[in-house]
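J.: Attaching a single structure in structure tokens format; questions to follow.
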Amino acid sequence: MYFVDDHHAVNYKLTQIQWDFARHDPEYAAACYLLAVPMVFEKIVFDLDEHDTPVDWMIQWEEDDSAYDLCASAIELGRLALHLWNGSGPFHLLQCLESLQGHHYDVVKTAMDVRMGRAG
């Protein structure tokens, strides 16, 4: 499984503890994996206990974009998480990829593999 850095791997383990379903449910696992990306996680970690699911932070941001100070890449990863979660919401794959730094391209590929149950 690809991780941006050691923090990403640790963050992923922390999200799996928060949402135990992530160990067996690819929908939860993909959402946790994307939430764990350091540029996202560092903005969300302080409110983690307030969220019932690993995509609540993005739902909250979509409703009130001042909820979290997110860069364009983090927003696109959040939209990807929502899209992989339930297939709805505003998401455009090319727009997502264009907003990312090179190493985050592998994050997108891994998230899709995780959601399809091909990585873990």
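The values are calculated or read from the model by the stated rules, or taken from the named source; none is laboratory data. What you see is a predicted model; the values in this text were computed from it and never measured. Ideal geometry is used to build each Cβ from the backbone, glycine not excepted, and the neighbour counts take in all protein chains shown. Ligands, DNA and RNA are excluded from the accessible area calculation, which covers all protein heavy atoms including side chains. Shrake-Rupley method; radii C 1.70, N 1.55, O 1.52, S 1.80 Å.
J.: Please enumerate the residues belonging to region 90-112 that are under 20 Å from Cys32 (Cβ atoms) and either among the hydroxyl-bearing types (Ser, Thr, Tyr) or touching a Lys or Arg at 6+ places or on another chain (Cβ under 6 Å) (or both).
T.: Within region 90-112, Phe91, Tyr105, Thr110 qualify.
J.: While we're on this one: Considering only residues that are outside any helix (DSSP H, G or I) and closer than 15 Å to Leu35 by Cα, look in region 54-88 and name the one that is most open to solvent (accessible area, probe 1.4 Å).
T.: Asp69
J.: Let me ask something else about it. Spot the failing condition for Ala36; the list is (1) touching a Ser or Thr at 6+ places or on another chain (Cβ under 8 Å); (2) open to solvent by less than 50 Å² (accessible area, probe 1.4 Å); (3) modelled with pLDDT under 95, and only one is missed.
T.: Of the numbered conditions (1) touching a Ser or Thr at 6+ places or on another chain (Cβ under 8 Å); (2) open to solvent by less than 50 Å² (accessible area, probe 1.4 Å); (3) modelled with pLDDT under 95, the odd one out for Ala36 is (3).
J.: Does Phe91 fit the bill of being surrounded by fewer than 18 Cβ atoms within 10 Å (Cβ to Cβ), in contact with a His (Cβ under 8 Å, 6 or more places away or on another chain) and not small (Gly, Ala, Ser)?
T.: Spelling it out, Phe91 is indeed surrounded by fewer than 18 Cβ atoms within 10 Å (Cβ to Cβ), in contact with a His (Cβ under 8 Å, 6 or more places away or on another chain) and not small (Gly, Ala, Ser).
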